[in-house]
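**Student:** Pasting in a structure now, in C-alpha cells, and then I'll have a few things to ask.
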Amino acid sequence: MLPNSLIELDRAHLVHPLASYRGHETAGVRVLKSARGATAIDAEGRELLDGFAGLWCVNAGYGQQTLIEAATEQLRTLPYATGYFGLGSEPAIRLAARLAEHAPGDLNHVYFTLGGSDAVDSTIRFIRYYYHAKGTPQKDQFISLESGYHGSSTAGAGLTALPIFHTGFGAPYHWQHKIPSHYRYRNPVGTDDRAIIDASVAALRAKISELGTERVAAFYAEPIQGSGGVLVPPAGWMKAMHAVCREHDVLFVADEVITGFGRTGPLFACSEDGIVPDLLTVAKGMTSGYVPMGAVFMSDNVYNTIADGAGAAPVGHGQTYSAHPVSAAVGLACLDLYENGLLENGRKAGAHLMAGLKTLSDHPLVGEVRGRGMLAAVELVTDKERKTPLPAEADAGRRIFDRAWANGLIIRAFNQGILGYAPPLCCTEAEIDEIVERTRLTLDQTLEDKDVRAAMKT
Ligand code: PLP
C-alpha cells in the first residue's frame, strides 16, 4: 500500500533533478527506505550495495553514529546562526580553520555554500569582483573543458559542458568558452600521456590567445572529470594547465566537488597533483551527504585583493544558510573520521576496487577500466579495436542501471555506456569484491541483449 501511494504522490508532486519529467511519471519513483554502511534498502526490502555512495557523496557510509550525534547535538544547542551582521557560530569557525589547515598552500579563506553548484557560482562572482578590485574588469572571459561538469546554477551551467544542461536554458553565455577534454581513451592524439598533455596545453594557449590574455579571467578544471564519464587525466596534466594559467595571469579554479575528501585518496586531489589553485570548490564528501554544505577556498591573494578592493564596503555576496552550524558540526565530525582511518581505508579499498575492476578488462564488452582511488569507470564498447560505443538502442543509462539494481548493486550508468563507481570509503574488501562480481553478472546479461549482440557482429 505505502509504496504505491508514495509512487502516486511522487508522480503528482515531486519534480526530480535531471529527469525526463514524462519518462519519470511513466517509470515511477524507486524509494529508498534505509541504509547502513555501504548497503541501502529499498521500499521492497531489496538490499543494494551502493557502489556510487548516493551521488558520489556518502564517503563515510550510512549510519555513522558520530555524524548523527554531531548533528543532533548541534540542533539542540544552536540550530541556526547567521553569518551576516558580523555574527558566527563555533562549528563554522572551527571547520573553516581546520579546512584551511588541510588545504594545499595558501588556500586559507573559506566561504561556505549549500552545495557544489552555488560554490561554483560563488567563484564566478568572486572572480569578477577580484578583477574589478584590481582595476582590470575587462578580464571577464571564462574557459572550461568539454565533458566538464560544474553544476547547474544559472551561470555555472555555462561552465558545464554537457549539452543537456544548456539546451532550452540559453546557456552557455557568450563569455564562457570550452577547450577539448583530455579524455584519454578517445583523444584524437592517441593515448600517449605526453601527447595528451601537450595537446591540452596547446589548446588552452590557443584559446587564451584567441580571446586575448587581457580578457581571460579564469580556467576551471576537475582533477578528474566526474559527470563527463570519470575521465582521468594523465599524471602531470593539472600541473601543466596550472602553469599555462600562471604564465598568462589567469586564475586557476580546481573544482573538487567530487574529488575532495578522500575520493581519490588524499583529502584534496590537488595536493596529489602538486598544485595550489587560486580557488577550489568542494561539497559532497565534506559532510558525507548527511546535510547540505559546500565551500569555496580562496588563496591569500584572491581574498586580500577582494578585501582591499571593497575597503569599508560589504562584499555583496551571501546566503541565509552560508556557514550553517548544523552542517558545519557534521563537517567537523567528518574530518575526524577522515583523519582517523577513513582516508586510509579509502586508499586500500580504492586499490582493491581498481584491481577488481581490471579483472573485467577481458570481458567482450569492456573497452577500458580507469580510475584513481575510490573513483572509477568501466567504458563499454561493442568493438574493442574500433572502440565502438554501445548502440543507442541499448539505452545503457536505463537498462544497465535497472539490471545492476536487480542484481543488488547501485552504480552510475552513463547514457554513452560508461559505468561509474564511487563507493563509500568505508567499504570492506568483501563489499568491493561483491561490487565487481555484481558488475560482471550485469555485463554478462547485457551481452545477451539482442541489440548489443547485433551491434557486436557488425
Ligand atoms: N562541480 C562538480 C565537479 C560536480 O561533480 C558537481 C555535482 O556533481 C557540482 C559541481 C554541483 O554540485 P551540486 O550538485 O552539489 O550542486
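Each value in this text was obtained by applying a stated rule to the coordinates, not by laboratory testing. None of these values were measured; they are calculated from a predicted model. FYI the Cβ positions are ideal-geometry reconstructions off the backbone, even for glycines, and counts take in every protein chain you see.
**Student:** Given H placed 1.01 Å from N in the peptide plane, which residues other than close sequence neighbours of Val381 have an amide H under 5 Å from its amide H?
**Tutor:** Result for Val381 returns Val366, Gly367.
**Student:** Determine the percent antiparallel among the DSSP beta bridges restricted to the stretch 81-323, to the nearest 5.
**Tutor:** 40 percent
**Student:** So, one more: List, in the order given, every pair from Lys348/Lys457; Lys178/Lys387; Lys33/Lys284; Lys33/Lys450; Lys207/Lys457; Lys33/Lys348 whose Cα-Cα distance in the structure shown is over 32 Å.
**Tutor:** Violating the 32 Å Cα-Cα cut-off are Lys348/Lys457; Lys33/Lys450; Lys207/Lys457.
**Student:** So in the chain, what percent of DSSP beta bridges are antiparallel if you round to the nearest 5?
**Tutor:** Roughly 65 percent of the DSSP beta bridges within the chain come out antiparallel.
**Student:** What ranking do 86-93, 429-436, 126-133 get when scored by the average of other Cβ atoms within 10 Å per residue, highest first?
**Tutor:** For the peptides 86-93, 429-436, 126-133, the packing ranking is 126-133, 429-436, 86-93.
**Student:** Which distance in Å, rounded to a whole number, links the C-alpha centroids of the stretch 333-406 and the stretch 133-162?
**Tutor:** Cα centroid of the stretch 333-406 versus Cα centroid of the stretch 133-162: 29 Å apart.
**Student:** In what sequence, highest mean first, do 213-219, 155-161 appear when ranked by Cβ atoms within 10 angstrom?
**Tutor:** Highest-to-lowest ranking by the protection proxy: 155-161, 213-219.
**Student:** To continue, here is another question. Going Cα to Cα from Lys134, which aspartates and glutamates come in below 19 Å? Please leave out same-chain ones fewer than 8 positions away.
**Tutor:** Counting by Cα, and skipping residues close in sequence, Lys134 has these aspartates and glutamates nearby: Glu214, Glu247, Asp249, Asp278, Asp300, Asp308.
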